[in-house]
Structure formats: structure tokens, C-alpha cells
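J.: Before we start, here is the structure in question, set down as C-alpha cells.
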Amino acid sequence: MLHVLQHPLAAHIMTHLRDRRTPPAAFRRLAHQLGILLAIEATRDLATKAETVETPLEACTGRALARPLVIVPILRAGLGMTEPFLDLFPDVSVGYVGLERNHQTAVARSYYCKLPPLDDTRVLVLDPMLATGGSAVQALTVVKEAGAKELSFVCIVAAPQGIAAVQAGHPDVPIFTAAHDRDLNDKKYILPGLGDFGDRLYGT
Ligand code: PRP
Ligand code: URA
């Protein structure tokens, strides 16, 4: 249930995202590029249905996406992964869950939630950093309570503690990540990680 992106371009982008010298404009561009690769990886198993079209020469039966797709970025850093998904899947509905970690306790507090109808949809919850897993577990719970049955969690960097928390709390939810990192520090930041994703994305 853990999928780690294996692609030379993904590895190249990760290295530059991690680099403390990368400024916000370049950071946003790199996050967008990695988001595209992750979006392709996390949607490999989407259901399709037969659809017949007329080419200029004859009828042709191809495949088309069968079910509505919903993305739910966790504010604020998840916004950095939203555009690449919208680029590839322009018809998705977008829900938002706002969570913010307390700097002392690292426990996430919910401050916003707005979700579209989730019946019979496939839902991708997006958050670049899976650290303790507290935010991811909370967001997945909220989205399930709103009716989602088939979910995936997509992130850029995952710590072992966060992976274990999601697997314990939501064993049915596959995790897609571009990097499987080593540990957390005593402030619950990912090691080696890339620092505070939201701060680096928005220059705060
Ligand atoms: C970051 C990140 C995740 C969370 C991960 O958000 O975007 O949501 O921390 O940590 P966890 O796995 O220990 O819960 P943050 O609270 O810094 O808010 P921001 O996105 O607004 O910067
Ligand atoms: N949130 C971040 O942005 N970075 C971390 O390393 C952990 C949580």
C-alpha cells in the first residue's frame, strides 16, 4: 500500500526541492513538476469504460474515465500540488481541508473544511509532507465521514512515523510518495526532508 515514485526525473527534482538555496519561485515550479509525475502514478488504476467516437475515417471504440475524480488538498501546503492535478484532470471537483500544526506540540488543528459530494467518487487527498501523520489521519477521517469510500493519499516526502500512522488509522488507503525519508527530528520535522513546505512555497 506504499508506492514510492521511481523515476530519474523525480529523483532529480527531489534533490533540488530539498536544496535550501532553492528560492520560492523555483520551489513552486519543481513542486508542480513533481506533482505531475505523482498524479500520473497515483491514477494508474482509475476505472475506465468503453466509449465510441468517430474519427475522420471510421468509428473507433476507446476508453474514457468511468467515475468522477475528487482531489482534496490539505491547506495550505497541499495547494502546491493542486494545479498539476488540475492540469491533467481538468474535470475534477476540489474539496479543501484546512489543518495547521501547533509549533510546540505538532498536533494539527482543523480550521476549515469544504467538500463536494463524494458518493461514488475516487478521492485523492493531497499534502506534500507526511511527518507524524496526524494531519493526514485527521483529513482522511473527515473525508471518509463525508462519504468517501475509495481514497488515496498523495505526498512528496513521507517519514516512517507518518506512514505507520496512516497505515494504522486507514489501512485501506494507499500512500503515494516521491520520497521515503529516514526519521523526524525532535520538532517533528522530516529528516533529511526539505524544511517547512508551506513556508518554502509561499516565502513565509
Ligand atoms: C504541514 C504539512 C502537513 C503537516 C504534516 O502543514 O503541509 O499538513 O505539516 O505534519 P504531520 O504529518 O506531523 O501532521 P503545517 O501544519 O505546517 O501547515 P501549512 O501547510 O499551513 O504550512
Ligand atoms: N511539515 C513540513 O512542512 N515539513 C516537515 O518536515 C514536517 C511537517
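J.: Principal axis lengths of segment 52-149 from Cα atoms, whole Å, largest first?
T.: Ordered largest first, segment 52-149 gives principal extents of 66, 25, 19 Å.
J.: Still on this structure, please answer the following. HN-Hα J couplings of segment 17-32 from phi, Karplus 6.51/-1.76/1.60, θ = phi - 60°, integer Hz, Gly and Pro as x?
T.: Computed from phi, the couplings for segment 17-32 are 5, 6, 4, 4, 7, 5, x, x, 5, 5, 4, 4, 5, 5, 4, 5 Hz.
J.: Let me ask something else. Per-residue HN-Hα couplings for segment 83-98, Karplus 6.51 cos²θ - 1.76 cosθ + 1.60 at θ = phi - 60°, whole Hz, x for Gly and Pro?
T.: 4, x, 5, 5, 4, 7, 10, x, 8, 5, 8, 10, x, 10, 10, x
J.: Obtain the nm distance between the two label points defined at His16 and Asp183 by a simple spin-label model: each point lies 7 Å from its Cα along the Cα-to-C-beta direction.
T.: Each label point is offset 7 Å from its Cα along the Cβ direction, giving 3.1 nm.
J.: Multiplying the sequence separation of Met1 and Asp196 by 0.36 nm and subtracting their Cα-Cα distance, what value in nm do you get?
T.: Working: separation 195, 0.36 × 195 = 70.20 nm, distance 2.59 nm.
So the extension gain works out to 67.6 nm.
J.: Here is a further query. Evaluate segment 134-204: find the radius of gyration of its Cα atoms, find its Kirkwood radius, and give the ratio Rg to Rh. Numbers along the way, then the final one.
T.: Working: Rg = 13.1 Å, Rh = 13.1 Å.
Expressed as Rg/Rh, it is 1.00.
J.: While we're on this one: With +1 on the Cβ of every Lys and Arg and -1 on the Cβ of every Asp and Glu, and nothing else charged, how large is the dipole of segment 2-202 about its Cα centre, in debye rounded to the nearest 20?
T.: Working: 20 positive and 21 negative charges, 137 e Å.
Here the size comes out at about 660 debye.
J.: Something else about it: Give the share of C-alpha pairs in each 10 angstrom bin for segment 2-202, from 0 to the last occupied bin, in whole percents, shortest bins first.
T.: 9, 36, 35, 14, 5, 2, 0
J.: Still on this model: Calculate the spin-label point distance for Asn102 paired with Val53, positioning each point 7 Å from the Cα along the beta-carbon direction, and give it in nanometres.
T.: 5.3
J.: Per-residue ellipticity at 222 nm for the chain, helices alone: DSSP H runs ≥ 4 residues times -39500 (n - 2.57), over residue total, nearest 500 deg cm²/dmol? Each step should come with its number before you reach the end.
T.: Numbers: 6 runs with 65 residues, N = 204.
So the calculated ellipticity at 222 nm is -9500 deg cm²/dmol.
J.: May I pose another question? May I ask you to list the trypsin sites (Lys or Arg not before Pro) in segment 125-204 that are in a DSSP loop and have at most 13 other Cβ atoms within 10 Å of their Cβ? Intermediate values should be presented prior to the final figure.
T.: Numbers: sites: Lys144, Lys149, Arg182, Lys187, Lys188, Arg200; in loops: Lys149, Arg182, Lys187, Lys188.
Hits after loop and neighbour filter: Lys149, Arg182, Lys187.
J.: Continuing with this model, one more query. Using Cα positions and a limit of under 17 Å, work out the aspartates and glutamates in reach of Lys49, with same-chain residues fewer than 8 apart set aside.
T.: By straight Cα distance, Lys49 reaches Asp91, Asp120.
J.: When DSSP beta bridges are limited to those with both residues in the chain, what percentage is antiparallel, rounded to the nearest 5? Intermediate values should be presented prior to the final figure.
T.: Details: 15 of 38 bridges.
In the chain, approximately 40 percent of DSSP beta bridges are antiparallel ones.
J.: Next up: Enumerate the residues in segment 1-45 having an amide nitrogen under 18 Å from the point lying 7 Å beyond the Cα of Gln167 toward its Cβ.
T.: 1-6
Read-outs: derived from the displayed coordinates by stated rules, not from any lab. Everything quoted here is computed from the prediction, not taken from an experiment. Virtual Cβ from ideal backbone geometry, glycine too; neighbours counted across all protein chains shown.
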